[in-house]
1. I need the calculated FRET efficiency for the pair THR197 and ARG219, taking r as the beta carbon distance and R₀ as 25 Å, to the nearest 0.05.
2. Applying the Karplus parametrisation 6.51 cos²θ - 1.76 cosθ + 1.60 with θ = phi - 60° to the phi angles of segment 221-233, what ³J(HN,Hα) value in whole Hz is obtained for each residue in order, glycine and proline being reported as x?
3. In segment 346-401, how does Rg compare with the Kirkwood Rh, expressed as the Rg/Rh ratio over alpha carbon atoms?
4. Could you sort the peptides 319-327, 223-231 by per-residue average Cβ neighbour count (10 Å cutoff), highest mean leading?
5. Where does each of 338-348, 112-122, 205-215, 152-162 land if you order them by average Cβ count within 10 Å, highest first?
6. Under the Karplus relation 6.51 cos²θ - 1.76 cosθ + 1.60, θ = phi - 60°, what is the ordered set of whole-Hz ³J(HN,Hα) values for segment 119-130, x standing for Gly and Pro?
7. On full extension of the chain, what length is gained from ASP300 through ILE204, given 0.36 nm per residue of separation minus the C-alpha to C-alpha distance?
8. Give me the number: length gained by fully extending THR167 to HIS228, i.e. 0.36 nm times residue separation minus the C-alpha to C-alpha distance, one decimal in nm.
Amino acid sequence: MSTYPEIKHDGSSDEEKGHGHNKVVDSLPVQGDEVQPGGQRELKRSLKGRHMQMIAIGGAIGAGFFVGSGGALTTGGPGSLVIAFCIIGLMLLLTMQALAELAVMYPVNGAFYSYAVRFIDPSWGFATGWDYAIQWLTVLPFEITAAALTISFWKKGAETNVGVWVTIFLVALCAIQVFGVRGYGEVEFVLAIIKVTATIGFIILAIIIDCGGVPTDDRGYIGARYWHDPGAFRNGFKGFCSVFVTASFAFGGTELTGLAAAEAANPMRSIPMATKQVFWRISLFYVVGLFLVGLVVPSDNPGLLHASGAATAYSPFVIAINLAGIRALPSIFNVVILLAVLSVANSCTYASTRTMQALGQTNMGPSFLAYVDKKGSPLWCVLIQIAFGFLAYINEASTGSTIFTWLLALSGLANFFI
């Protein structure tokens, strides 16, 4: 196909040098090459090592972890929750190691979409690229809705029209885009630190609760009581399998380190360091964090039945704090969840726009998508992503929740395909 002309580093083409199995590989940029140009300008290599590491550590810590894990806990039990997250985490660790090797060797725009085109088949890459772009396009209005509904946890927030919060969050996302990739990196750096700090703080608090160290908790020493009653596993094998769905969604976003390779200042150094952080995040935040949640929150707690989407009041982390009788922390942790949701919305804008820009510059999408402004931001792609964000205003309709069931299903299915 003519979509990707096989141009070598010395300027000759396949027709001049002959066709061979390694010709496609040779056409990829090697270490130190510039990012492929978008229109008349190129994406900026503005992401530092600290940005890449925090994107790797905090990239997938969102509502799926803070809220969705509660639904998984009541469906499959604490045993299924830990085992399923361990299995999915191991699969993800191997995938990220492979992606990191390619990203270091070939730090090109489009990341795994470009690799699929080059090493498998252009048609496969086309499907992968647009599937990934559509996934993040549809996630954005859902995350904005989740953020707006999260504020209803507080009385004054619930009294304010949801459209006001949707507008505020959309304006904030637009403001971040003004600063290009550096704005994305700095925002993610700050939000990731907050999420990581909150998770580590909860781990310490959960250990104290489990040991009976909270004076306001009349349960005393808990230990592994809830693993025996109501039990470690619920709903048999069906419940165990259902946890896999939550686990796979919760880990979404980890691949952003590979996508950001094209805009990393030193991909050869920062990507390996960021990828190694995946192991610690999986073991510390997901496995240890969720294991402790299963110790201090019974899987038959009625509130867990509502733990999905933006129902942050029913987050297992918030329920654990409420059961311990700690008054101020639930509101503080809801602020953390709100910031986590906004972090995912910020990642939506980054992931979809960079993928669409790569599709545009390789003639697998409209050519105007390849345009990059002076700050290194794909302007038209950003406008399309923000336009999808306006779907969040459907919340103003009485039957608006139906569209978000479709959006969540569409994005979830796309995530599985990727």
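All of the numbers you see were taken from the coordinates with simple rules; none came from a lab. Just so we're clear, the structure is a prediction, and the values are computed from it rather than from any experiment. All Cβ positions, even for glycine, are placed from backbone atoms using ideal geometry, and neighbour counts span all protein chains on display.
1. That pair, THR197 with ARG219, gives E of 0.40.
2. 5, 9, x, 9, 4, 6, 6, 9, 9, x, x, 7, 10
3. Reported Rg/Rh (Cα atoms, Kirkwood Rh): 1.12.
4. Ranked from most to least packed, the peptides come out as 319-327, 223-231.
5. Per-residue mean Cβ counts within 10 Å order the peptides as 338-348, 112-122, 205-215, 152-162.
6. For segment 119-130, the Karplus curve yields 9, 10, 5, x, 5, 5, x, 4, 5, 5, x, 6 Hz.
7. 32.2 nm
8. 17.2 nm
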